[in-house]
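Student: Mind looking over this structure? Questions follow.
The values are calculated or read from the model by the stated rules, or taken from the named source; none is laboratory data. None of these values were measured; they are calculated from a predicted model. Using ideal geometry, Cβ is built from the backbone for each residue, glycine included, and neighbour counts are taken over all protein chains shown.
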Amino acid sequence: MAGGGSGGHITPLLPLAHALKRRQPNCRLIYIGLRGENLEAIKQRLSVFDEIYSIRAGKFRRYHGQNFLERLVDVKTNLLNIRDFFKVMAGSTAAYRLLRKIKPDLVFSKGGYVVVPIGLVARLLKVPIITHDSDALPGLANRIVGRFAYLHTTGLPTDLYKDTYPDKTIKYVGIPVDERIKPVDAKLQADYKRQIGIVSNSFVLLVSGGGLGSKTLNEKMLSMAPQFLAHPESYLIHLTGAQHKDKVKGQYQKVLTADQLDRLKVMGFSGEFYKYSAAADLIIARAGASSLAEFALQQKACIIIPAAFLSGAHQLKNTDWLKKHDAALITNDEVESNKLLNLVEKLMKNPKRRAQLGNNLSSLAQPAAADNLAKLLLS
């Protein structure tokens with residue numbers, strides 16, 4: 001099982017691994033990830049794997065909206081891409097040694113640039129490959145590896161992938177989510193609020209920029225937090241990304257009162273994110289498909305701000321799917337903080353609309369995704 005580079009590539013592998021072990025306890029599961037990746041927050045959950053390895057891999061950087069000339073004169077990015085080409089070569093050498101040693105029956109590619117050297121070597125050694133794409137637009141790594149794949153499993157309906165993969169090789173399974181995640185009713189939500197130290201009748205706003213955090217969302221929240229926390233029943237949980245945590249926490253201390261700081265929880269990253277999302281009454285987040293799958297299972301009302309600059313604008317394509325089903329409120333990075341606050345306050349006052357959004361998002365959930373995918377891989 002190969003994947004890495006972001007939480008969206010790693011976290012679905014964990015529930016899938018548990019589902020595989022439930023179905024066939026003696027199956028040998030090996031995870032190959034990206035060397036240097038920080039997995040401390042999920043260290044305990046990685047024990048489901050029989051063996052864990054890491055290799056070097058290079059990233060091909062490209063940014064949505066850049067034309068050919070802009071890419072050509074982007075010297076820094078081009079130099080980084082040249083450097084990472086050699087990382088791919090080094091990773092391929094390491095992958096060759098690993099796969100010769102492991103002798104796998106199957107390689108499962110979840111995406112992220114670490115899968116490229118593994119997929120190329122699997123092709124060379126004639127090991128079958130199955131890919132999985134969570135986002136509406138497959139990532140470049142899986143598109144490269146996918147040329148040799150036996151089957152392409154998908155997180156969204158197959159129609160969205162027919163321009164990328166041969167029709168007969170696509171199988172819609174959904175996105176595996178943390179097996180600890182359950183549909184959240186009022187009783188369970190109140191219980192999670194108590195678990196994380198929040199009064200059960202508080203209105204909880206959760207803000208998350210994804211596993212690496214979002215500088216843009218962090219700045220917006222710093223601007224609007226004093227007005228939001230002016231509501232005495234309000235509580236803010238802000239996942240900033242590990243590298244931003246200390247700076248953001250310090251800035252909050254400058255702009256909030258002591259009472260408001262008591263109703264604020266700032267974290268870099270959490271291996272138990274599901275508890276905080278379950279406790280939330282409203283979520284502001286990016287449009288990563290894995291996170292959206294978790295929110296869907298928990299029936300959460302969301303304001304989604306896609307990261308439009310990411311390669312291929314895949315988060316914009318994810319939000320197209322949400323818009324089609326009225327499954328979240330969608331805005332963009334250009335939204336002013338006061339307008340974002342206005343959206344939040346309107347939903348605070350309108351529990352019926354929050355319930356409608358949560359129910360619409362829930363209709364897109366695939367709670368059996370991990371088990372169905374495990375059955376497919378074992379077959």
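Student: Looking at Ile32 and the list (1) modelled with pLDDT of 55 or more; (2) hydrophobic (A, V, I, L, M, F, W, C); (3) surrounded by fewer than 18 Cβ atoms within 10 Å (Cβ to Cβ), which single condition is not satisfied?
Tutor: (3)
Student: Let me ask something else about it. Can you confirm whether Ala149 is at pLDDT below 90, under 28 Å from Gln366 (Cα atoms) and small (Gly, Ala, Ser)?
Tutor: Values: at pLDDT below 90: no; under 28 Å from Gln366 (Cα atoms): yes; small (Gly, Ala, Ser): yes.
Taking the combined requirement at face value, the residue does not satisfy it.
Student: Got at least one residue in region 131-139 being over 22 Å from Asn372 (Cβ atoms), surrounded by 18 or more Cβ atoms within 10 Å (Cβ to Cβ) and more than 17 Å from the chain's Cα centre (by Cα)?
Tutor: no
Student: Listed residues Phe273, Phe295; which is of a type in the set (Phe, Trp, Tyr), within 28 Å of Ala225 (Cα to Cα) and at pLDDT below 95?
Tutor: After applying the criteria, what remains is Phe273.
Student: Follow-up. Does Ala327 satisfy the criteria of being in contact with a strand residue (DSSP E or B) (Cβ under 6 Å, 6 or more places away or on another chain), assigned to a loop (DSSP other than H, G, I, E, B) and buried (at least 24 other Cβ atoms within 10 Å of the Cβ)? Outline the logic, then answer.
Tutor: Numbers: in contact with a strand residue (DSSP E or B) (Cβ under 6 Å, 6 or more places away or on another chain): no; assigned to a loop (DSSP other than H, G, I, E, B): yes; buried (at least 24 other Cβ atoms within 10 Å of the Cβ): yes.
So Ala327 does not fit the description; no.
Student: Go over the candidates Ala301, Ala308, Ala285 one by one and state the one that is modelled with pLDDT of 90 or more and more than 15 Å from His238 (Cα to Cα).
Tutor: Values: Ala308 fails: modelled with pLDDT of 90 or more; Ala285 fails: more than 15 Å from His238 (Cα to Cα).
After applying the criteria, what remains is Ala301.
Student: Show me the helices (runs of 4 or more DSSP H) found entirely inside region 188-266 where at least 2 residues are touching a residue at least 40 places away in the same chain (Cβ under 8 Å) and within 22 Å of Lys339 (Cβ to Cβ).
Tutor: Numbers: elements: 215-228, 245-255, 258-262.
Where helices (runs of 4 or more DSSP H) fall fully within region 188-266 and carry at least 2 residues being touching a residue at least 40 places away in the same chain (Cβ under 8 Å) and within 22 Å of Lys339 (Cβ to Cβ), they are 215-228.
Student: Can you confirm whether region 168-186 contains a residue that is within 15 Å of Phe108 (Cα to Cα) and over 21 Å from the mean Cα position of the chain (by Cα)?
Tutor: Yes - at least one qualifying residue is present in region 168-186.
Student: Taking region 167-187 only, how many residues are in contact (Cβ under 8 Å) with a residue 12 or more places away in the chain and out of contact with any Phe, Trp or Tyr (no Cβ under 6 Å at 6 or more places or on another chain)? Walk me through it before giving the result.
Tutor: At the first step, the residues of region 167-187 found to be in contact (Cβ under 8 Å) with a residue 12 or more places away in the chain are 169-184.
Now narrow it down to the ones that are out of contact with any Phe, Trp or Tyr (no Cβ under 6 Å at 6 or more places or on another chain): 169, 171-177, 179, 182-184.
Number of matching residues: 12.
Student: Across region 339-379, which residue is surrounded by the fewest Cβ atoms within 10 Å (Cβ to Cβ) among those that are touching a helix residue (DSSP H, G or I) at 6+ places or on another chain (Cβ under 6 Å) and among the small types (Gly, Ala, Ser)?
Tutor: In this case the residue turns out to be Ser362.
Student: When you scan region 167-184, do you find a residue that is more than 23 Å from Leu20 (Cβ to Cβ), surrounded by 15 or more Cβ atoms within 10 Å (Cβ to Cβ) and not small (Gly, Ala, Ser), even just one?
Tutor: Taking region 167-184 first, the residues more than 23 Å from Leu20 (Cβ to Cβ) are 167-168, 183-184.
From the residues that got through so far, the ones that are surrounded by 15 or more Cβ atoms within 10 Å (Cβ to Cβ) too are 184.
Filter once more, keeping what is not small (Gly, Ala, Ser): 184.
Yes, there is a match, as at least one residue in region 167-184 is more than 23 Å from Leu20 (Cβ to Cβ), surrounded by 15 or more Cβ atoms within 10 Å (Cβ to Cβ) and not small (Gly, Ala, Ser).
Student: Looking at (1) farther than 24 Å from Val335 by Cβ; (2) over 19 Å from the mean Cα position of the chain (by Cα); (3) not polar (S, T, N, Q), which is the only condition Lys265 fails?
Tutor: (1) is the only condition that Lys265 fails.
Student: Only one of these conditions is not met by Cys302: (1) touching a Gly at 6+ places or on another chain (Cβ under 9 Å); (2) within 15 Å of Lys182 (Cα to Cα); (3) not acidic (Asp, Glu). Which number is it?
Tutor: Status for Cys302: all satisfied but (2).
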